[in-house]
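Read-outs: derived from the displayed coordinates by stated rules, not from any lab. Source: prediction; values computed, not measured. Neighbour counts run over all protein chains shown; Cβ positions are idealised from the backbone, glycine included.
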Amino acid sequence: MRKVVLFPFNGELMCFIHVLLNGLDMKAKGWDARIVVEGAACKLVPELAKSSNPMHGLWAKAKAAGIVEGACKACSAKLGVLEGVQAEGLTLLDDMSGHPSMSRFIEEGYSVITF
């Protein structure tokens, strides 16, 4: 089975949408796909949680598919969205000085793709 983890850092919504689409596509093809929300992308989580956001449905679908591994604890706190990330039920990832570790995923056999 192919194992891929997508790390979106970019805070642009259109870039993040492609991360969600690719993650869902990989999952549909039987891959073990994960998304770790990092950097400026963390500020998109509370925005996508709003049912009025046009991309809310895609976000909800990715969460329901179980491909959203979590979000960076340090970046969420620094960007002032920690509560919003927690309200979405995301795991706060902080195993590398407050940030998610890519090496953990590599050690588990995942290919890492950054956006």
For the stretch 3-58 (alpha-carbon point model, no solvent) the Debye-based log₁₀ I(q)/I(0) at q = 0.20, 0.22, 0.23 Å⁻¹ works out to -0.71, -0.83, -0.89
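For D95 and R2 in the same chain, what is the full-extension length gain: residue separation times 0.36 nm, less their Cα-Cα distance, in nm?
31.1 nm
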Here the alpha-carbon Rg of the chain over 2.2 N^0.38 Å rounds to 0.97
Between E83 and E108, the two model label points (7 Å from Cα along the beta-carbon direction) sit apart by a distance in nm of 3.0
So K29 and S51, fully extended at 0.36 nm per residue minus their Cα-Cα distance, gain in nm 5.1 nm
As straight-line cross-link partners of K73, the qualifying lysines (C-alpha separation under 26 Å, not fewer than 8 residues apart within one chain) are K3, K27, K43, K50, K61, K63
